[in-house]
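Q: Dropping a structure here in structure tokens format, bear with me for questions.
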């Protein structure tokens, strides 16, 4: 505890002098050092934006209670996600990550808020902008980054890459736009069939929302009352095409027609959490599927190949960053309600930075998968078999 | 010896019934499989016995319900997904290949997909171009899938049970014209644990002069052709592939090294087909040096399937085509 306080006051002193501010006086320093966690507000209630509803009598509550522990955890996770994605951007530009890389920065409140509204025993599936969910579903930064760099320590041993990461009750990471939606409903069918009171969160973007297979899925999920929360992450652009240019109706929360829907502020982690809890309750009570549209924003382009400024202005991006950044919003709420201190949050930042650095170090130094892993994992639970190589004389070995 | 006569349809029905009973994670979904008893009555009686939870009628939305089936398999169930015909599987082919076949590999072994896609494949009678395509070559092309093509009732029973018990995606290509054909089945084959291994061909008829390799309904024609040829002193060794992928190249090679001659017979189109793969393997393998004549393929005609009976009859191999090709190969 003493060590911790010493670190905090050193950091504060250091920061203060770096910023050119007046050195904290001896007296003030003593006051800072004496501050304990008992001084912080243990929990506070926040007003959250009202959700537009479709085919629902009422929506999620207009207030959310946030405890200090929850706040610090959401902050840490969102910051980890943010730093991880920015680090990946760096590694991509250095050509250490290759191929597809779809970054999630800006959308952190969605992944973190959703996970806060469900249990790890529930199920989740998303599309290709999946690094954030891999983290919330139990993946480590190390194994995520090592997968991006294609190393043997990657979460898929280097064989999947950015779009194909899996953990328990997390079904990827899916490259084909929209295909994950029927899959998610299938997972929900299994949940209902096996009777374990679990549900499936099934995510897709504003671009995918026009896919036919999604409407086929709405129909079957509704007919069979599958415990499925459909979530449209509307970040306003499907690759380079704005929502107005792609959809005859941009009210994505209504597109489920006979499925009740909510339109949620996806930049506010508390709003997302409360909506998810509301939706989960709906599903678990046997009412069938429900649809949530999260209004969110991605700072990066569609992928690392897209600078992201040919179809939107830098001003727009900057405006979202300054007015609606999910991490800033949470930070401001916590600080202005005395739920955490600046130093404390800075310390989390330092820890996060270190975690990312370590992970990046691992991801760049871990060896690539061994060549004799090339043909493995074709079939599960099968005896070893031979796989033809590039020529008839090359016979490669494949084990399950 | 105890034999009973069972049609291919009934063999499939019994296999599904037994596997549904054996493992409660197994369920069947598809169009008309429940209350209609199956478009071709293959699932007759199953809904009455197992109910709505396990025998599910779907709307006419292949991409959607195939995806749902794959998702259910990922989450711990063992679905049998029926396509009313494999022609309709084209609507869902992305789910079969990208969601089912490739996932175990992409996840480096974390996520398996124990699913069976089954239904009638290939030419029928008078159903014209959009309903007559053979998909053996298309699905046989893809790593991560097992592709099975039964001929007899015994094949249907043993291979479907193996497919359902297999922990991987299996494409099970039936044939509508074979559903009503009865076969004699041994007592042994009636056991609830009678399984035919996927990936092993069967020699249906032994012979020394030429190897004739086929799958599905064409095996019947090969045997009929072999009977005619036997009267002229030509003894064909007829091999029933049973599985398209993994292909039992060894069985074919062993036979060719004995007979020195090879033809393949299939209902599908010639280009980039099952026969093409077999011939390529023979070229690349130990049996090439034993060939006394080039190996040839007997296939469906390279056209969309016409409707008029005389045209349709001439669009698929007939017994006379097989006989002709055998004789040409032997005289080469």
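The values are calculated or read from the model by the stated rules, or taken from the named source; none is laboratory data. Owing to the predicted nature of the structure, the values given are computational and were not obtained by experimental measurement. So basically every Cβ, Gly included, is an ideal-geometry build from the backbone, and we count neighbours across all protein chains shown.
Q: Do we find a residue being surrounded by fewer than 20 Cβ atoms within 10 Å (Cβ to Cβ), away from chain A (no Cβ under 14 Å), modelled with pLDDT of 95 or more and under 17 Å from the mean Cα position of the chain (by Cα) anywhere in the stretch B:183-199?
A: Among the residues of the stretch B:183-199, at least one is surrounded by fewer than 20 Cβ atoms within 10 Å (Cβ to Cβ), away from chain A (no Cβ under 14 Å), modelled with pLDDT of 95 or more and under 17 Å from the mean Cα position of the chain (by Cα), which makes the answer yes.
Q: Yes or no: residue B:132 touching a helix residue (DSSP H, G or I) at 6+ places or on another chain (Cβ under 7 Å) and either surrounded by fewer than 24 Cβ atoms within 10 Å (Cβ to Cβ) or farther than 30 Å from residue A:168 by Cα (or both)?
A: Considered against the rule, which asks whether it is touching a helix residue (DSSP H, G or I) at 6+ places or on another chain (Cβ under 7 Å) and either surrounded by fewer than 24 Cβ atoms within 10 Å (Cβ to Cβ) or farther than 30 Å from residue A:168 by Cα (or both), residue B:132 comes out as no.
Q: On the given criteria, is residue A:302 touching a residue at least 12 places away in the same chain (Cβ under 8 Å), part of a loop (DSSP other than H, G, I, E, B), within 29 Å of residue A:88 (Cβ to Cβ) and within 14 Å of chain B (Cβ to nearest Cβ)? Give the steps one after another, and end with the answer.
A: Details: touching a residue at least 12 places away in the same chain (Cβ under 8 Å): yes; part of a loop (DSSP other than H, G, I, E, B): yes; within 29 Å of residue A:88 (Cβ to Cβ): yes; within 14 Å of chain B (Cβ to nearest Cβ): no.
The answer is no for residue A:302.
Q: Also, I was wondering about something else. Mind checking whether some residue in the stretch A:152-171 is at the interface with another protein chain (Cβ under 8 Å from one of its Cβ atoms) and more than 22 Å from residue A:369 (Cβ to Cβ)?
A: yes
Q: Another question, then. Got a number for residues in the stretch A:249-261 being crowded, with 24+ Cβ neighbours inside 10 Å and in a loop (DSSP other than H, G, I, E, B)?
A: Count: 1.
Q: Now, a different point. Would you check if there is a residue in the stretch B:101-109 being buried (at least 24 other Cβ atoms within 10 Å of the Cβ) and more than 10 Å from chain A (Cβ to nearest Cβ)?
A: no
Q: Considering only the stretch B:267-279, I want to know if a residue exists there that is in a strand (DSSP E or B) and either touching a residue at least 40 places away in the same chain (Cβ under 8 Å) or farther than 18 Å from residue B:330 by Cα (or both). Give the derivation first.
A: Going residue by residue through the stretch B:267-279, those that are in a strand (DSSP E or B) are none.
No, the stretch B:267-279 contains no residue that is in a strand (DSSP E or B) and either touching a residue at least 40 places away in the same chain (Cβ under 8 Å) or farther than 18 Å from residue B:330 by Cα (or both).
Q: Still on this structure: Yes or no: the stretch A:366-378 includes at least one residue that is away from chain B (no Cβ under 14 Å) and farther than 28 Å from residue B:147 by Cβ.
A: The answer is yes, given that some residue of the stretch A:366-378 is away from chain B (no Cβ under 14 Å) and farther than 28 Å from residue B:147 by Cβ.
Q: May I pose another question? Does residue A:189 fit the bill of being surrounded by fewer than 20 Cβ atoms within 10 Å (Cβ to Cβ) and within 8 Å of chain B (Cβ to nearest Cβ)?
A: no
Q: What number of residues within the stretch B:36-51 satisfy the criterion of being without any contact (Cβ under 8 Å) to a residue 12 or more places away in the chain, closer than 19 Å to residue B:160 by Cα and either within 14 Å of another protein chain (Cβ to nearest Cβ) or surrounded by fewer than 17 Cβ atoms within 10 Å (Cβ to Cβ) (or both)?
A: 0
Q: Among the residues of the stretch A:340-385, what is the count of those that are surrounded by 12 or more Cβ atoms within 10 Å (Cβ to Cβ), free of Cβ contacts under 8 Å to residues at least 60 places away in the same chain and in contact with a strand residue (DSSP E or B) (Cβ under 9 Å, 6 or more places away or on another chain)?
A: 7
Q: Only one of B:96, B:33, B:26 is more than 9 Å from chain A (Cβ to nearest Cβ) and more than 17 Å from residue A:187 (Cα to Cα); which?
A: On the way: B:96 fails: more than 17 Å from residue A:187 (Cα to Cα); B:26 fails: more than 17 Å from residue A:187 (Cα to Cα).
Just one listed residue meets the conditions, B:33.
Q: For the stretch A:262-299, how many residues meet the condition of being part of a loop (DSSP other than H, G, I, E, B) and surrounded by fewer than 22 Cβ atoms within 10 Å (Cβ to Cβ)? Explain how you work it out, then say what you get.
A: Within the stretch A:262-299, the subset part of a loop (DSSP other than H, G, I, E, B) is A:266-268, A:285-289, A:296-299.
So of that shortlist, the ones also surrounded by fewer than 22 Cβ atoms within 10 Å (Cβ to Cβ) come out as A:285-288, A:299.
Adding up the residues that qualify gives 5.
Q: Scan the stretch B:19-77 for residues that are closer than 19 Å to residue B:103 by Cβ and part of a loop (DSSP other than H, G, I, E, B) and report the count.
A: Within the stretch B:19-77, residues that are closer than 19 Å to residue B:103 by Cβ and part of a loop (DSSP other than H, G, I, E, B) number 4.
Q: Follow-up. Have a look at B:71, B:119, B:67 and point out the one that is away from chain A (no Cβ under 14 Å), surrounded by 23 or more Cβ atoms within 10 Å (Cβ to Cβ) and touching a helix residue (DSSP H, G or I) at 6+ places or on another chain (Cβ under 9 Å).
A: Result of the check over B:71, B:119, B:67: B:119.
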